[in-house]
Amino acid sequence: MVTIVGYSPRVNLKGNEYFALVIQGGIEFIKSKVTNSHYATAMRCYIPSSFDEQNCKALIGQKLPGSIAKKSCDPFGYSGDAGSSSYLGKINFT
């Protein structure tokens, strides 16, 4: 199960505001590569939505079936703020 834990206002390339839902998976224990200690964490991802702010607030706490995983994919690029470009080879999805 994943949980909607928040939302984030965003602006698209045309200058229109929309809201991305913040989705969080269950707790998992990870071993640190640096210290070899274990710690608890939860994966998060952002999913664009067509909801207004009021509906996004109402969705916080809603549980949905699924999980968040980091999977390899073909590299793709995107342009960030201030025209910077980045290329990714992994993507989070639910």
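The values are calculated or read from the model by the stated rules, or taken from the named source; none is laboratory data. Please read these numbers as outputs of a predicted model, since none were measured by experiment. Virtual Cβ from ideal backbone geometry, glycine too; neighbours counted across all protein chains shown.
All of LYS57, LYS31 fail the test of being within 17 Å of the chain's Cα centre (by Cα) and either of a type outside the set (S, T, N, Q) or surrounded by fewer than 10 Cβ atoms within 10 Å (Cβ to Cβ) (or both), apart from LYS57.
Take the conditions (1) farther than 21 Å from THR3 by Cβ; (2) at pLDDT below 85; (3) of a type outside the set (Phe, Trp, Tyr); ILE91 misses just one of them, which is (1). The C-beta contact set for segment 62-79 (first residue in a strand (DSSP E or B) and surrounded by 11 or more Cβ atoms within 10 Å (Cβ to Cβ), second residue modelled with pLDDT of 70 or more and not acidic (Asp, Glu), distance under 6 angstrom, 6+ apart or interchain) comprises LEU64/VAL2.
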